[in-house]
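Where a number appears in this text, it was derived from the coordinates with a stated rule and is not lab data. Nothing here was measured: the structure is a model prediction, and the numbers come from that model. Note: ideal-geometry Cβ built from the backbone for every residue, glycine included; neighbour counts use all protein chains shown.
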Amino acid sequence: MGPRDGHRAELTRADLLVAGGGPAGWSAARACARRGLDVVLVDPRPDRAWRHTYGTWAHELPRGAGPDALPDEVVAAHDVGWAIATRTHRLEDEYAVLDTAALQRALHDDGVRVLRGKVVAAGPGGAVLADGTEVPAGLVADATGAVQALTTRRRTGRRAEQTAVGVVVDEGTAARVTGGRLVFMDWRPLHGLPGWPTFLYAVPLGGGRVLLEETSLARRPGLPLPELADRLRRRLRAAGLRDAEIPLDDPAHVEHVRFPVDTPDHRSPAGVVALGAAAPFVHPATGFSVARSLRAATRLADALVTRPDDCAVVDASGRAARARQAVGGGRARVVHEMRRRGLDVLLRLPPAEVPEFFEGFFSLPARPRRAYLGSCGASGSDRSDDDVAESVRAMMSVFARLTPRLRGHLVVGTLCGPGDAQRP
């Protein structure tokens, strides 16, 4: 599935040019190509293998029939998740861990023209690559991730980052740590170290393998990876594992994670729509983005084929505006900003009280908890990302379950905005 580098001089006008060859970029390219649109995807390394482990709520994946349906093989493993704050909570929704290589194969589409290069500018007529090549297109999608290569807004200051270090072990070894459960979050400080709180994320990868990952949900700046590795080793030792069973010194068994969770809204030039982490689609409270990118790809493709005469009648700015509304309009931006304010609350909490905050959250009834996590909208719809009322109810429900002290921290975080991680 290597790239097909076309002859630059023979490039014809595409309906859509996608900058970026990650899951968000390929989701959009595939969905549009399968509806008969002419699509060009540009990436500096379009043949690179994706390495990250992706997870989502199982019902969010497009399965079954339809042009955007994914084959069953993209799900490596699935199970009901569990969360531990100060008590243990069973989550009603089934969690799916994706087979990254299978996902990459499934999202590739031979109908997409692939160019090796880097988009450095875009506008109503298309895009310009770093080597000076001009690629004409009716619409440009910025799927370059958190770098937001085509935005006109630049973030200043330090970003809040999610960081993690994980180790892959066999399921028998993992069961001695997790009891055989899929652990969404375990906030118990079993590593025995003070400071910013971290949790264990433990998910099956298929083939008898399990990822055990020490995760810092969000911190400004991100918690250093060596510190997370030390905490993970200490946590697993406390669970009874021997050093020989914790292969943190073997790169083939280790996963490192670092990405921002507070990327600002994309200020798009005329003719450009943002997708994926560039949009941003990353959920500030979980770090999830793949399922939302898949849904957005379907909405984008449907919007672009609704009016076949689009290119002739609607100008580039109009096409981009309609595309932005389809993938995430005003209500979605409001919900995202509310979740970012929730992130600010988390960053301002005294570290020792973070598990207590999540105890209140995981004690919520299923509906508001699902709405905030993004697992579904009202009445089981998939539009949780633009359901403002449901998000407000979720936040108010959390507030009602907190102690007066934690409510005070929540008010301060909401009013004062972004804060740095606090040290005890």
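Contact order for the chain, expressed relative to its length and based on alpha carbon pairs under 8 Å spaced 6+ residues apart, stands at 18 percent. Largest GNM mean-square fluctuation across Gly111, Gly21, Gly222, computed for the chain with C-alpha springs under 10 Å, falls on Gly111. Rounded to the nearest 20 debye, the dipole magnitude of the range 121-209 is 440 debye, with +1 charges on Lys and Arg beta carbons, -1 on Asp and Glu beta carbons, and the Cα centre as origin. Projecting the Cα atoms of His59, Val97, Val74 onto the charge dipole of the range 49-106, computed from C-beta unit charges around the Cα centre, puts Val97 farthest toward the positive end.
Label zone of Glu92 (point 7 Å out along Cα→Cβ, amide N under 18 Å): in the range 329-366 this covers 360-366. Add -39500 (n - 2.57) for each DSSP H run of 4 or more in the chain, then divide by its residues: what number comes out at 222 nm, to the nearest 500 deg cm²/dmol? About -10000 deg cm²/dmol.
Could you check which residue among Val290, Val334, Val112 shows the biggest mean-square fluctuation in a GNM of the chain with a 10 Å Cα cutoff? Result for the chain, Cα springs under 10 Å: Val334 fluctuates most. Counting only DSSP beta bridges whose two residues both lie in the chain, roughly 70 percent are antiparallel. Footprinting exposure proxy ranking of Ser363, Ser27, Ser268, fewest other C-beta atoms within 10 angstrom first, gives Ser363, Ser268, Ser27. If the elastic network links every pair of Cα atoms under 10 Å, which of Gly271, Gly166, Gly318 fluctuates the most in the Gaussian network model of the chain? Maximum fluctuation in the GNM of the chain, among the listed residues, is at Gly318. Rounded to the nearest 20 debye, the dipole size of the chain about its Cα centre is 1220 debye, using +1 on the Cβ of Lys and Arg and -1 on the Cβ of Asp and Glu.
Given R0 = 30 Å, the distance between the Cβ atoms of Arg209 and Ala352 translates into a calculated FRET efficiency of 0.30.
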